[in-house]
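The values are calculated or read from the model by the stated rules, or taken from the named source; none is laboratory data. Just so it is clear, the model here is predicted, and its values are computed rather than measured. Don't worry about glycine lacking a Cβ; one is built from the backbone with ideal geometry, like all the others, and counts go over all protein chains shown.
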Amino acid sequence: MNESNGARMASVSLTPLDRTRPYASQASQFLQDSQVDGLPTKIDAEGVIRVYDPDTNTFGAYNPDGTTRTFFQPTSPNYWAGQPGFEPWIPEG
């Protein structure tokens, strides 16, 4: 996990409760919430999971086991589009 991104995430518009939570906890919760909320997700050939929330401009990348690789707000508006991977197949229910 890239701890330098923790400083950048401190400036994210989060609720006061979230600002007291550690970087790793916020990153883990972001992954969990992203799947419930149906946020854009990509998975690459190595199994790296990438998630983006366009409403908050928040990006997270996770190892196949769910541990955080990085979590931050990109500065480039095209950051998500340039990320490798494909949207996972989800069966229609």
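Observations, loosely collected:
- Among the numbered conditions (1) free of Cβ contacts under 8 Å to residues at least 24 places away in the same chain; (2) surrounded by fewer than 16 Cβ atoms within 10 Å (Cβ to Cβ); (3) closer than 27 Å to Arg21 by Cα; (4) of a type in the set (Gly, Ala, Ser), the only one that Gly82 does not meet is (3).
- Just one residue in the set Asp55, Asp33 is assigned to a loop (DSSP other than H, G, I, E, B), among the charged types (D, E, K, R) and modelled with pLDDT of 85 or more; that residue is Asp55.
- Residue count for the stretch 54-68, restricted to those that are closer than 18 Å to Ala24 by Cβ and either without any contact (Cβ under 8 Å) to a residue 12 or more places away in the chain or surrounded by 15 or more Cβ atoms within 10 Å (Cβ to Cβ) (or both): 7
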